[in-house]
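The values are calculated or read from the model by the stated rules, or taken from the named source; none is laboratory data. Because the structure is a prediction, the values reported are computed rather than measured. Don't worry about glycine lacking a Cβ; one is built from the backbone with ideal geometry, like all the others, and counts go over all protein chains shown. Just so you know, the surface numbers come from the protein's heavy atoms only, side chains and all, with ligands and any DNA or RNA stripped out. Shrake-Rupley method; radii C 1.70, N 1.55, O 1.52, S 1.80 Å.
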Amino acid sequence: MKVLVIGSGGREHTLCWKIAQSKEVEKVYCAPGNGGTRLVAENVDIKANDIDSLVEFALINNIDLTVVGPEEPLVMGIVDRFQEKGLRIFGPDKKSARLEGSKSYAKEFMKKYDIPTAKYQVYQSYQDAREDLDSFSYPLVIKADGLCAGKGVAIVKTREEALKTLKEILVDKKFGEQGNRVVIEEYLDGIEMSLLCFVTDNRIIPMESAKDYKKIYDGDLGPNTGGVGAFAPSPLLTQELKKKIEEEVLKRIECGLNSENLNYKGILYVGLMIVKGNPKVLEFNVRFGDPETEVLIPRLESDIVDLFENTIDSSLEPSDIQWSQQSCMTVVLTSKGYPGEFEKGFEISIDDSIDKDIILFHNGTEYKKDKLLTAGGRVLSVTALANSLEEAREKIYANIDNISFKGMNFRKDIGK
Ligand code: AMP
Ligand code: GLY
């Protein structure tokens, strides 16, 4: 079997790594891939949003299965386009992908199906939003409606900051059309948890939970990032909470998907805030999370290709998904300046004495003239599986000294 993975981050390196272990797979391609995917797949120089070229590549190369990493091609409708040509592809169609592509649509969906979430209002005009600002209390969360590469959410503490953010999005069009609307919502104070689920024909089968660290600095300080560390499973997900999430969130999502006549197949990532023991949905993503994938997939004992195939064929069962008892943790090494401006192109040195059981997933790297260089804000995910979270943490931090590049940063408190 030939498999094509679309994307270029740590998530895609992890997927390629796992897919390459499948007995059914003879060849993995990754478009466009990175310095790490090159080690387990053949990189193809096509961008993740160039759907025409991806369709053409899959047809010419007789690709048996395509797996989509990032949200942009999903929201653009890559799944529909592949299916029109009779190509097998794993991911939700365009209609379902709106759950991530439009935050106002996702909030409406949550409201309609009574899925617990933060109180909110949607605005298209700066004037209207400004007039209503006094009815909210601070801190307050302002979200651009569309896809903004993880930069569309601002947590503001004052009216002045709120006005500035609203003006940037609605008047100055900082995010272009993606900011034609904003969602203003109540700030939820709690603990975040990522629950990734397989979904086949609107039937939700949750994976184990993961904890993602979103803030750039230790102690959860500083601006939000795409995620700079993670571990799984999350001890936060007790049996009691699991039951609540199933009843109050997942069943209601299933009901909503059915009532809206969607036919969801793929991954649904439910971003949760646990507030005083109660789950509230922050967002939906229609894809695997990054870096959650880096800590979930190494614990997966099942053949991931079977899971993708059974999802497409509507035959996936919970018992198909088997997990190891081990804990997995990852610490993301980042470029100086990330999540703001950063420089790239610095050589990465990895000492041979690094422990052999450390898994290095590449987020943003590339090879140039046989040298491994930094190529993104998030560079490498240093990952370990161990019998306990504590052991994984010790292993990772003891090994990070073996890796260096100019301006390398990382959080020292992941898993603590
Ligand atoms: P989103 O893309 O909607 O998940 O937002 C990105 C991040 O912003 C989340 O992972 C949270 O850390 C934070 N966030 C979003 N909405 C809220 C909220 N209502 N209250 C507190 N934090 C939030
Ligand atoms: N780690 C957060 C995300 O993938 O959206």
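Can you find even one residue in the range 320-331 that is more than 18 Å from L195 (Cα to Cα) and surrounded by 24 or more Cβ atoms within 10 Å (Cβ to Cβ)? Looking for residues that are more than 18 Å from L195 (Cα to Cα) and surrounded by 24 or more Cβ atoms within 10 Å (Cβ to Cβ), one finds at least one in the range 320-331, hence yes.
Annotation note: Cβ proximity below 7 Å between a residue of the range 369-387 that is surrounded by fewer than 18 Cβ atoms within 10 Å (Cβ to Cβ) and a residue that is hydrophobic (A, V, I, L, M, F, W, C) (sequence gap 6+ or interchain) occurs for A386/A392. Selection of the range 74-101 for residues being among the aliphatic types (A, V, I, L, M) and open to solvent by 10 Å² or more (accessible area, probe 1.4 Å) yields V75, M76, L87.
Cβ-Cβ contacts under 8 Å between residues 6 or more apart (or on different chains), taken from a first residue in the range 228-241 that is touching a residue at least 60 places away in the same chain (Cβ under 8 Å) and away from ligand 2 (no atom under 13 Å from the Cβ) to a second residue that is open to solvent by less than 10 Å² (accessible area, probe 1.4 Å) and of a type outside the set (D, E, K, R), are listed as P233/S209; P233/A210. Name the one entry in A162, A154 that is among the aliphatic types (A, V, I, L, M), open to solvent by less than 80 Å² (accessible area, probe 1.4 Å) and more than 10 Å from ligand 1 (Cβ to nearest atom). Criteria check complete, one pass: A162. Of all residues in the range 218-253, those that are more than 14 Å from ligand 1 (Cβ to nearest atom), of a type outside the set (G, A, S) and not in a loop (DSSP other than H, G, I, E, B) total 16. Listed conditions (1) surrounded by fewer than 18 Cβ atoms within 10 Å (Cβ to Cβ); (2) closer than 21 Å to E366 by Cα are all met by K23, apart from (2). Within the range 335-344, is there a residue that is open to solvent by less than 10 Å² (accessible area, probe 1.4 Å), among the polar types (S, T, N, Q) and under 19 Å from the mean Cα position of the chain (by Cα)? No. In summary, P206 fulfils each of the numbered conditions (1) in contact (Cβ under 8 Å) with a residue 12 or more places away in the chain; (2) more than 30 Å from W323 (Cα to Cα) with the single exception of condition (2).
Among the residues of the range 270-299, those identified as open to solvent by 10 Å² or more (accessible area, probe 1.4 Å), within 16 Å of ligand 1 (Cβ to nearest atom) and under 25 Å from Y120 (Cβ atoms) are M273, I274, V275, K276, N278, K280, L282, E283, R287. Among the residues of the range 275-299, those that are in contact with a helix residue (DSSP H, G or I) (Cβ under 7 Å, 6 or more places away or on another chain), away from ligand 2 (no atom under 12 Å from the Cβ) and either within 21 Å of G10 (Cβ to Cβ) or of a type in the set (A, V, I, L, M, F, W, C) (or both) comprise V281, I297.
Considering K395, K406, K412, the condition of being crowded, with 18+ Cβ neighbours inside 10 Å and modelled with pLDDT of 95 or more is satisfied by K395 alone. For the range 181-197, a residue qualifies if it is open to solvent by less than 10 Å² (accessible area, probe 1.4 Å) and more than 16 Å from ligand 2 (Cβ to nearest atom), and the qualifying residues are V182, V183, I184, E185.
Just for the range 102-140: of the residues that are open to solvent by 40 Å² or more (accessible area, probe 1.4 Å) and of a type in the set (K, R), which one is farthest from the chain's Cα centre (by Cα)? Looking at the filtered set, the residue picked out is R130. Restricting the range 193-217 to residues that are among the basic types (K, R) and assigned to a strand (DSSP E or B) leaves a set whose member that is farthest from ligand 1 (Cβ to nearest atom) is R203. Determine if the range 116-132 includes at least one residue that is of a type in the set (D, E, K, R) and within 16 Å of ligand 2 (Cβ to nearest atom). No; the residues of the range 116-132 include none that is of a type in the set (D, E, K, R) and within 16 Å of ligand 2 (Cβ to nearest atom).
Just one of the listed residues (D201, D220) is open to solvent by 40 Å² or more (accessible area, probe 1.4 Å) and within 16 Å of ligand 2 (Cβ to nearest atom), namely D220. Please determine, by comparing only the residues of the range 26-46 that are under 18 Å from the mean Cα position of the chain (by Cα) and free of Cβ contacts under 8 Å to residues at least 40 places away in the same chain, which one is most open to solvent (accessible area, probe 1.4 Å). It comes out as P32.
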